[in-house]
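Chemist: This is the structure I want to talk about, given as structure tokens.
The values are calculated or read from the model by the stated rules, or taken from the named source; none is laboratory data. These figures come from a predicted structure and were not determined experimentally. Cβ sites come from the backbone with ideal geometry, for glycine too, and all protein chains shown count toward neighbours.
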Amino acid sequence: MNARRWRYLGPVAWAVALIGYLGPWLDHRAAALAWNAYDMFAILRLLPEIETGAVAVNMQALRLPLVALAVLLPVLAAPLARGWRWASALLGIALLALTLPPYPEIVGAWSRPGWRVPFWWGVGGMAATVALIWLAPASAWLRSWGVLGWLLLTGAPAGITLLRLLPALANLHATSVRPGWGAGVFLVGWVGLGLWVWLPVVLPERRGDDGSERK
């Protein structure tokens with residue numbers, strides 16, 4: 001199996017995951033409840049159940065997938081010229097800027113409870129995207145098991161947070177609340193990124209007796 005056949009799976013899966021992340025993660029007949037993961041962090045963290053700790057969820061985990069997608073961009077661009085890797089890093093930094101606290105909360109956010117974690121996630125992610133311009137092309141490990149571990153580390157907490165929020169929102173509004181199509185599309189893209197990493201490892205290139213690559 002030619003591993004190069006899977007080279008387009010990564011960028012396509014990345015785009016699908018981003019579309020899913022920005023799509024609604026909650027399905028409810030009230031349009032006001034059709035929030036995506038990005039909005040859920042800003043809005044639902046103000047619910048009394050969340051503020052009082054009655055519902056134990058990590059709301060900050062809802063921003064992790066966006067951090068993950070931004071950091072993965074230089075890895076996706078690793079086979080390209082350095083100019084394209086820089087362009088991918090700049091796009092990643094722009095996405096990471098969205099995860100930073102808004103003004104005026106960003107003033108002193110590095111030490112303020114509630115904003116400290118997303119602030120350092122954003123700043124650390126920006127530093128990582130720049131570093132990966134050089135590290136990703138030089139390390140096959142970063143493009144395989146490192147990426148797979150990164151997907152699990154950042155995707156699983158967001159999914160767990162969503163599942164824990166559904167019962168609380170259903171009780172709050174006295175009606176059923178289901179995951180929206182955005183969560184499903186995001187999951188498809190996330191699995192696609194995992195396959196992009198995993199398939200070339202388990203299906204390495206086969207070569208003929210003369211050393212030539214088999215199609």
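Chemist: Here are the criteria: (1) modelled with pLDDT under 80; (2) in contact with a His (Cβ under 9 Å, 6 or more places away or on another chain); (3) surrounded by 15 or more Cβ atoms within 10 Å (Cβ to Cβ); (4) not polar (S, T, N, Q). Tell me which single one HIS173 does not satisfy.
Modeler: The failed condition is (3).
Chemist: Which pairs have Cβ atoms under 6 Å, sit 6 or more apart or on different chains, and link a residue in the range 137-161 that is of a type in the set (Val, Ile, Thr) and at pLDDT below 90 to one that is outside any helix (DSSP H, G or I) and surrounded by 13 or more Cβ atoms within 10 Å (Cβ to Cβ)?
Modeler: THR161/VAL57; THR161/ASN58
Chemist: Here's another thing I want to ask about it. Which residue pairs have Cβ atoms under 8 Å apart, sit 6 or more places apart or on different chains, and have a first residue in the range 175-196 that is within 14 Å of ALA158 (Cβ to Cβ) and a second that is in a helix (DSSP H, G or I) and among the hydroxyl-bearing types (Ser, Thr, Tyr)?
Modeler: Within 8 Å, the pairs are GLY182/TYR21; PHE186/TYR21.
Chemist: Okay, moving on. What is the residue count in the range 18-39 for residues that are farther than 8 Å from ALA183 by Cα and at pLDDT 85 or above?
Modeler: Residues that pass the stated criteria total 3.
Chemist: Taking LEU151 as the residue in question, decide whether it is under 23 Å from ARG82 (Cα atoms), assigned to a helix (DSSP H, G or I) and not aromatic (Phe, Trp, Tyr).
Modeler: no
Chemist: Further, regarding this structure: Among the residues of the range 80-103, write down those that are exposed (fewer than 13 other Cβ atoms within 10 Å of the Cβ) and farther than 24 Å from LEU22 by Cα.
Modeler: Within the range 80-103, ALA81, ARG82, GLY83 qualify.
Chemist: Right, something else. Would it be correct to say that ARG164 is surrounded by fewer than 19 Cβ atoms within 10 Å (Cβ to Cβ), within 21 Å of ILE43 (Cα to Cα) and either of a type in the set (Ser, Thr, Tyr) or in contact (Cβ under 8 Å) with a residue 12 or more places away in the chain (or both)?
Modeler: Working: surrounded by fewer than 19 Cβ atoms within 10 Å (Cβ to Cβ): yes; within 21 Å of ILE43 (Cα to Cα): yes; either of a type in the set (Ser, Thr, Tyr) or in contact (Cβ under 8 Å) with a residue 12 or more places away in the chain (or both): yes.
The answer is yes for ARG164.
Chemist: Could you please let me know if ALA42 is at pLDDT 90 or above, farther than 16 Å from ALA183 by Cβ and in a helix (DSSP H, G or I)? Break it down into steps so the answer makes sense when it comes.
Modeler: Values: at pLDDT 90 or above: no; farther than 16 Å from ALA183 by Cβ: yes; in a helix (DSSP H, G or I): yes.
The answer is no for ALA42.
Chemist: Looking only at the range 97-121, filter to residues that are in a helix (DSSP H, G or I) and out of contact with any Ser or Thr (no Cβ under 7 Å at 6 or more places or on another chain); which one of those is farthest from TYR38 (Cα to Cα)? Walk me through how you get there before you give the answer.
Modeler: Keep residues of the range 97-121 that are in a helix (DSSP H, G or I), which gives 97, 109-111, 116-121.
So of that shortlist, the ones also out of contact with any Ser or Thr (no Cβ under 7 Å at 6 or more places or on another chain) come out as 97, 109-111, 116-117, 119-120.
On the way: ALA97: 13, ALA109: 18, TRP110: 20, SER111: 22, ARG116: 17, VAL117: 15, PHE119: 15, TRP120: 17 Å.
Looking at the filtered set, the residue picked out is SER111.
Chemist: Scan the range 59-77 and tell me whether some residue there is of a type in the set (A, V, I, L, M, F, W, C), in contact (Cβ under 8 Å) with a residue 40 or more places away in the chain, farther than 20 Å from VAL16 by Cα and surrounded by 15 or more Cβ atoms within 10 Å (Cβ to Cβ).
Modeler: yes
Chemist: I would also like to ask the following. Out of the residues in the range 51-65 meeting the condition of being touching a helix residue (DSSP H, G or I) at 6+ places or on another chain (Cβ under 6 Å) and farther than 16 Å from PRO179 by Cβ, tell me which one is modelled with the lowest pLDDT. Give the steps one after another, and end with the answer.
Modeler: So in the range 51-65, the residues touching a helix residue (DSSP H, G or I) at 6+ places or on another chain (Cβ under 6 Å) come out as 55, 57-65.
Next, from what is left, pick out any that are farther than 16 Å from PRO179 by Cβ: 55, 58-60, 63-64.
Numbers: VAL55: 65, ASN58: 78, MET59: 81, GLN60: 83, ARG63: 89, LEU64: 92.
Looking at residues that are touching a helix residue (DSSP H, G or I) at 6+ places or on another chain (Cβ under 6 Å) and farther than 16 Å from PRO179 by Cβ, I get VAL55.
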